[in-house]
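Colleague: Please find one structure pasted underneath; my questions will follow.
The values are calculated or read from the model by the stated rules, or taken from the named source; none is laboratory data. Nothing here was measured: the structure is a model prediction, and the numbers come from that model. Ideal geometry is used to build each Cβ from the backbone, glycine not excepted, and the neighbour counts take in all protein chains shown.
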Amino acid sequence: MDYLFDFPIHPIAVHFVIALSIFAAALDIWASFKSDAAIAQFAKLTTCFVAIAAVITIATGWFDHETWHATSQHHHDDASVIGLHMKLGIALAILFCGLAILRYRIKGLASKLYLLLILTGVTGITFQAYLGGELVYSEGIGVRATEEHRAEDKRPEDKRTEENRAEETLHNGSDHEHSHDTENHH
């Protein structure tokens, strides 16, 4: 699989969106609770970074998807997990770009409506992260390349066939059972 920089950027970018969105929401809630204008300013800046990270994450996700799709025998429809992940990712990027613009227009502390919107965004990002995990851990997307590299990196003596391993397991299992039988007879 060919990536933009010889490794997938999307999994790295995703973590910035997750962490920064939670941090931005927490800052705005804290600023509202404490009536702290300095923290509110920091929340505004952090929300801008979330929007930037979300756009980068969408771009890298799209690139990784197109690379995977071109080299994979698997195809998906819009109702699949990857289809939902793509649509939700775009919607969340648009939401956070809108939130960044809205946050900069709000003077001082965030409104209750804004806090509700950013918490909705964080909830969406959490679900989005779950979908991404499903793609990796259940569908194996992005993992096959790692397995191929591991196979290439193995030393010749480490490359045993499944058949050899099965024979060893069977042989070791019968020796193990035999040793227990011998011990029981003494």
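Colleague: How many of the residues making up segment 28-37 are crowded, with 19+ Cβ neighbours inside 10 Å and closer than 15 Å to LEU117 by Cβ?
Modeller: Result for segment 28-37: 2.
Colleague: Let me ask you something else. Among the candidates ALA38, ALA19, ALA31, single out the residue that is over 14 Å from LEU99 (Cα atoms), free of Cβ contacts under 8 Å to residues at least 60 places away in the same chain and over 17 Å from the mean Cα position of the chain (by Cα). Please lay out each step first, then the result.
Modeller: Details: ALA19 fails: over 17 Å from the mean Cα position of the chain (by Cα); ALA31 fails: free of Cβ contacts under 8 Å to residues at least 60 places away in the same chain.
Exactly one of ALA38, ALA19, ALA31 is over 14 Å from LEU99 (Cα atoms), free of Cβ contacts under 8 Å to residues at least 60 places away in the same chain and over 17 Å from the mean Cα position of the chain (by Cα), namely ALA38.
Colleague: Among the residues of segment 101-111, what is the count of those that are at pLDDT 95 or above and farther than 13 Å from LEU45 by Cα?
Modeller: Result for segment 101-111: 0.
Colleague: Inside segment 50-76, can you point out the residues that are surrounded by fewer than 19 Cβ atoms within 10 Å (Cβ to Cβ) and either modelled with pLDDT of 90 or more or not assigned by TED's automatic domain parsing to the domain that holds GLY108 (or both)?
Modeller: Scanning segment 50-76 gives ILE52, VAL55, ILE56, ALA59.
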